[in-house]
1. Beyond 14 Å, what share of the Cα-Cα pairs of the range 73-132 remains, rounded to the nearest whole percent?
2. Under the Kirkwood approximation for Rh and a Cα-based Rg, what ratio Rg/Rh is obtained for the range 37-136?
3. Give me the extension gain from Y80 to L12: residue separation times 0.36 nm, minus the current Cα-Cα distance, reported in nm with one decimal.
4. Cα-based count: Lys pairs in the chain below 25 Å, eight or more positions apart or different chains?
5. Report the rotationally averaged projected area of the range 4-47 based on its alpha-carbon convex hull, in square nanometres.
6. Quick check on the chain: helices-only [θ] at 222 nm, where DSSP H runs of length 4 and up contribute -39,500 (n - 2.57) each and the sum goes over total residues. Nearest 500, please.
7. Take each uninterrupted DSSP H stretch in the chain, measure its Cα extent along the helix axis, and return the ones at 30 Å or beyond whose mean Kyte-Doolittle hydropathy is at least 1.0.
8. In nm², what is the average projected area of the convex hull enclosing the Cα atoms of the range 113-203?
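Quick note: the coordinates plus some simple rules give every number you see, no bench work behind them. Since the model is a prediction, treat every value here as computed from it, not as a measurement.
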Amino acid sequence: MPGELDAFEALLKRRYSCRGFLPKPVPRATIERILDVAQRTPSWCNAQPWQAHIASGAATERFRAALMAHVPSNKAGPEYDFPREYRGVYLERRRECGFQLYDAVGVAKGDRAASAKQGMENYRLFGAPHALIVTSDEALGIYGVLDCGAWVNNFMLAAAAEGIACIAQAALATHPGVVREFFGIGAERRIVCGMSFGYEDAQHPANKFRTRRAKKEEVAAWMES
């Protein structure tokens, strides 16, 4: 339909990774509407492997407290391997994002204490009123993870359309033991990632920057003959 691609592009440009939230909760009906939309995500063989474990209200506060108590004294160990290495342009982009964040929140280069404190904001859920853990069936392997990634993206876009801010977080998958215990996640599920969401705190300094995107010429290779 005319104008739909432009509207979709505007939505993509508006969405960003929010790192400072207001305490105001999102109505349950709004979250359920976002879930309805995200459920249209395509998946391998229509398996729809994603499951969302959602904390709201007092449960979010208990989850936040559990993470803040557990993480500082326990080594991280995600259930899916993290990247072996960031190299070349991927390392450049990662560093650029990190430097933008640190500049925004006033972390000086080389200040490890301040950097660690900012890192702990992941486990404080950036003050968000809601947390979400995404899991996949362990037997589906990488294809289940790919499908979950598509679902996470669509959830965040649907949320943005409703004025709800999100941040997808690998960090919440780095301590699977405490996450499994809190949400009662069975052994047949694997923790893919987490997400914090709610209404953005537009005045928070961590929300003042935006990452750039590569030009299409950097990511697309054409073959026409």
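1. Numbers: 1249 of 1770 pairs.
Summing the P(r) of the range 73-132 above 14 Å gives 71 percent of all pairs.
2. Numbers: Rg = 17.1 Å, Rh = 16.7 Å.
Dividing the radius of gyration by the Kirkwood radius yields 1.02.
3. Working it through step by step, the gained length comes to 21.7 nm.
4. Lysine pairs meeting both conditions in the chain amount to 11.
5. Details: hull surface 20.3 nm².
Across all orientations, the range 4-47 yields a mean hull projection of 5.1 nm².
6. Values: 8 runs with 94 residues, N = 225.
One gets -13000 deg cm²/dmol as the mean residue ellipticity at 222 nm.
7. Numbers: long enough: 141-161 (31 Å, 1.09).
Those that pass (Cα extent of 30 Å or more, hydropathy at least 1.0) are 141-161.
8. Numbers: hull surface 27.3 nm².
The number I arrive at for the range 113-203 is 6.8 nm².
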